[in-house]
Amino acid sequence: MTKATSALGNWRADLPASIVVSLVALPLCLGIALASGAPLFSGVIAGIVGGIVVGLLSRSPLSVSGPAAGLTVIVLDAIQSLPSYQVFLAAVVIAGVIQIVFSVSRAGLLGEFVPSSVITGMLAAIGLILILKQIPYAVGYEKDFEGSEKFFDAEGGNTLSTLWSSLTERLTPGAAIIGLTCIAFLFIWDKVKPKQGPLKLLPGPLVVVLMGVIGNGLLAALRPEWTLAAKHLVQVPIADGFNGFVGLFTFPDFSAIGTTILWTTALTLAIVASLESLLSVKAVDELDPRRRTTDKNWELLAQGGGNVVSGLIGGLPVTSVIVRSSANVLAGAESKASAVMHGVWLLVSVALIPAVLNLIPLSALAAVLIHTGYKLTNPALFIERYRQGLTQFIPFIVTVGAILFTDLLIGILVGLVVGFAFVIARNFRPAITFAVDGEDCLLRARRNLYFIHKYELQQALNRVPDSAVLVIDLSSTNYVDLDNIDIINAFIKSAVFRKIDVHVRGDIAERTAPMINAPSYGVRFA
């Protein structure tokens, strides 16, 4: 396949995927800005910057960046604590610079140490959150802000109580009809979508949006009392002409750059945004059908550059966002052109057709997110993890539960603790096998030997009888630390006096030969 053919194939996949992602991103950008106590348009700016700037800088083929729900509490507190929103923008710019410093210091390597069971647990939890949080929007009950990931809300309720109220007390007939129809269409479209011809490129979510707009128009004509009110529709700020649109952008105020609170806010934003981006990119790499691997240090550079630009023009801080990214993957994107185009669509649409965007029912967009959520948390994923054993299933299911009942970052930290506990437990399992048959003895290291294995190694060597022939088999290791080499050396020295014939076997033995004493009597490398 030539490069031209490959690029053409990518564009055929990336163009419809970018439309899907922009439809998903728009209400999330607005909802996160609202929850953060920031101007609504600041969320849209962050979405545009996350798509175009971060998309161009990033080496991740499928990750999509924008404002993140995980930062809403931090942003809300910062905006309330700092003298003005313009000062907060200065903190966003500084946070971006700090992320670039993180990149230069290679802090992105930390993302490689997250167990896969935690990553897949995060994806499954996000899928469940999308379903549980979007069902109320699908039936016309918008209590949480769009994009919320927290279990408990500010009024003392929670995700489950909101879901129950939406289905039993607050159902809006028009929204429910549009939402359920759109959900049914998306699942049917998965099965009947043509594999060839022009309809192959038709994104189901775009059809759903058109169905929602037309459906609300039909309700207005046939059942006016069921017509959706403005609160059930997208609400993009509408500018009065070009000058009004330019006036929606805000610029940072660096007058407080000498204050501790500004730098504390910037550092907090940089650390949390970097953590969320690294986890999201790692998860997207897991979702990628081609299993491409993203340079995590370069990703921090891209995210830092995006935050510098976003802060300079009035936007919220950006991160790689798993909801948008997973929607991008599941929509069939092939390259980062999809992320860049999604940013272009956001910019063009809010600049040229905001009134048209404000006709889109939130219930139709909720259908898109519910469909995405189901794909992320398909029951087959739970079955697969269970079949891989408890060491994989327990960290996976704990991560799912912790994210569902707290929020994304806390849940991931809980999952990491459990995942690392299993890693440590595995390292405390016997690492050495010892067998004896008369005067023949075999001591085999089953894996790399670290200081925690010193006692086990010493106990095995204590079982070797005088005048024995001992084979120390290190062929299954590629590392033996100095503590264990010292124990082997001490035994070899004593073996001369006990008439023990010692043979050390394995590539590691050859590589560490200068470190292992080889007295004239009885020790050989095999």
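Mind jotting down the distance between the C-alpha centroids of the stretch 193-230 and the stretch 232-281, whole Å?
The two parts, judged by their Cα centres, are 33 Å apart.
Of the DSSP beta bridges with both residues in the stretch 363-494, give the percent that are antiparallel, rounding to the nearest 5.
Percent antiparallel among DSSP bridges in the stretch 363-494 is about 50.
May I ask for the angle, rounded to the nearest 10°, between helix 390-405 and the longest principal axis of the chain, with both axes built from Cα atoms and the value confined to 0 to 90°?
That works out to roughly 30 degrees.
Sorted by average packing, counted as other Cβ atoms within 10 angstrom per residue and highest first, what order do 220-230, 348-358, 131-141 take?
With the highest mean Cβ count within 10 Å placed first, the list reads 131-141, 348-358, 220-230.
Quick one: if the Förster radius is 45 Å, what FRET efficiency do residue 478 and residue 292 give, using the C-beta to C-beta distance and rounding to 0.05?
After rounding to 0.05, the efficiency reads 0.95.
Grab the beta carbon distance between residue 168 and residue 97, set R0 = 56 Å, and tell me the FRET efficiency rounded to 0.05.
For R0 = 56 Å, the calculated efficiency reads 0.65.
Too long at a 27 Å Cα-Cα cut-off: which of 454/499; 336/375; 231/282; 150/193; 193/296; 191/296?
231/282; 150/193; 193/296; 191/296
If Lys and Arg each add +1 and Asp and Glu each add -1, what is the summed charge of the other residues whose beta carbon sits under 10 Å from the beta carbon of residue 12?
Value of the local net charge: -1.
Of 243, 158, 203, which is farthest on the positive side of the dipole of the stretch 147-293, counting Cα position, with +1 on Lys and Arg Cβ, -1 on Asp and Glu Cβ, and the Cα centre as origin?
My answer, from the dipole projection, is 203.
Please give every one of the aspartates and glutamates within straight-line cross-link reach of residue 493, meaning a C-alpha to C-alpha distance under 12 Å, and leave out same-chain neighbours fewer than 8 residues apart.
501
So how do 301-312, 247-258, 80-91 stack up, highest first, on mean other-Cβ count within 10 Å?
Those peptides, ordered most packed to least, come out 301-312, 80-91, 247-258.
Nearest 10 degrees is fine. How inclined is helix 260-287 to the longest principal axis of the chain, computing both from alpha carbons?
That works out to roughly 80 degrees.
Nearest-5 percent of antiparallel DSSP beta bridges in the chain?
45 percent
R0 = 22 Å: FRET efficiency of residue 190 with residue 383, Cβ-based, nearest 0.05?
Using R0 = 22 Å, I get an efficiency of 0.65.
Mind checking the angle between helix 362-376 and the chain's longest principal axis? C-alpha axes, 0 to 90 degrees, to the nearest 10.
The angle comes out at about 20 degrees.
If you put +1 on each Lys and Arg Cβ and -1 on each Asp and Glu Cβ, how big is the dipole of the stretch 437-481 around its Cα centre, in Debye rounded to 20?
Using only the charged Cβ atoms, the result is roughly 280 debye.
Could you give the dipole magnitude of the chain about its Cα centre, charging the beta-carbon of Lys and Arg +1 and that of Asp and Glu -1, in debye to the nearest 20?
1120 debye
When the Kirkwood radius is taken over all Cα pairs of the chain, what Stokes-Einstein diffusion coefficient follows at 20 °C and 1.002 mPa s, in µm²/s?
Using the Kirkwood radius from Cα pairs, D works out to 83 µm²/s.
Answer with one residue from 484, 313, 346: the one whose Cα lies farthest towards the positive end of the charge dipole of the chain, charges on Cβ with Lys, Arg +1 and Asp, Glu -1.
Sorting the options by dipole projection puts first 484.
Want the number for residue 471 to residue 77: 0.36 nm per residue separation, take away the alpha-carbon distance, what's left?
Length gained, residue 471 through residue 77: 135.4 nm.
Could you name the aspartates and glutamates in cross-link range of residue 195, using Cα to Cα under 19 Å and dropping any fewer than eight places away on the same chain?
14, 334
List the residues of the stretch 350-376 whose backbone N lies under 17 Å from a point placed 7 Å from the Cα of residue 230 along the Cα-to-Cβ direction.
Correct set: 354-362.
Values quoted throughout were computed directly from the atomic coordinates according to the rules given, and no laboratory measurement underlies them. Since we're looking at a predicted model, the values are computed, not measured. All Cβ positions, even for glycine, are placed from backbone atoms using ideal geometry, and neighbour counts span all protein chains on display.
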